[in-house]
Amino acid sequence: MSTIQIGDFSAYMAEPQGTPRAAIIVIQEIFGVNAGIRQKCDNWAKLGYLAVAPDLFWRIRPGIELNPDVESEFQEALTLFGQYSADKGTDKSIVDIEETIHAIRARGVQKVGAVGFCLGGLLAYLTACRTDINASVGYYGVMIDQLLGESHAIAHPLMLHIPTADHFVGPEAQAAIHEGLDNHPKVTLYDYAGLDHGFAAEMGTRRNEGAARLADARTVDFFANNLR
């Protein structure tokens, strides 16, 4: 486990024992590359993947780490999210993710997947739309309903985990996501009835153990099938 430099930003990297079976980019929530995101990287490394979590808030302040269970830090994270734009041409996070893809492939690992949470769930969707990532997974991605016009560009498998009681992604937004993506040949959607945003957090009060294990098992199988 180490911190590496990719261009102008740093990234947390967890390496498996032996040759990686593939690579996974773990895309942060609005809380930065915190302990929970690093733990997700470590978990992927234990399964044989090279796992990399780029610091996507580096333009604002490098090394941001926030705890969603601390109210002041949660509010700070919302402020950071307010500074984010997903508009094509102005969003730099996809540029950073694409640079991370290139850096991983330069290390000799050609098959690369991405998994993101919250803001990272949106970015996983946009990564599927805007890059040549081999497979992507988004957990409770925000604002996807506003960017469904890009879905025609999805060329590789994408899976989205949608908690039905997500207080950041309401019923109308969820309905739009289903209407826009249910029939897409590259997209798989899973609903989690009665669950809220953050249910698959690695640690803290938001986690729902049973649902997190179910969603993560689906994600593991998805990458095993699509990153061969």
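The values are calculated or read from the model by the stated rules, or taken from the named source; none is laboratory data. None of the values given here were measured: they were computed from a predicted structure. FYI the Cβ positions are ideal-geometry reconstructions off the backbone, even for glycines, and counts take in every protein chain you see. Side chains are part of the model used for accessible areas, which takes the heavy atoms of the whole protein and leaves out ligands, DNA and RNA. Shrake-Rupley method; radii C 1.70, N 1.55, O 1.52, S 1.80 Å.
With R₀ set to 35 Å, the beta-carbon distance separating Gln5 from Gln75 gives a calculated FRET efficiency near 0.70. Pull up the cross-link candidates among the aspartates and glutamates for Lys40, meaning alpha carbon to alpha carbon under 17 Å and not fewer than 8 places away within one chain. By straight Cα distance, Lys40 reaches Glu15, Glu29, Asp55, Glu65, Glu202, Glu209, Asp216, Asp221. For segment 205-213, 3J(HN,Hα) computed residue by residue from phi via the Karplus equation (6.51, -1.76, 1.60; θ = phi - 60°) reads 6, 6, 5, 10, 4, x, 5, 4, 5 Hz, glycine and proline entered as x. In a fully extended conformation the segment linking Arg59 and Arg228 would gain 57.4 nm over its present Cα-Cα distance, using 0.36 nm per residue. Computed in the context of the full set of protein chains, the accessible area of the chain at 1.4 Å probe radius has 50% of its extent on carbon or sulfur.
Shown in residue order for segment 2-14 are the 3J(HN,Hα) couplings computed by the Karplus curve 6.51 cos²θ - 1.76 cosθ + 1.60 at θ = phi - 60°: 7, 9, 10, 10, 10, x, 8, 10, 9, 8, 7, 10, 10 Hz (x for Gly and Pro). Over all other residues within a Cβ to Cβ distance under 15 Å of Arg207, the charged ones net out to -4, with Lys and Arg as +1 and Asp and Glu as -1.
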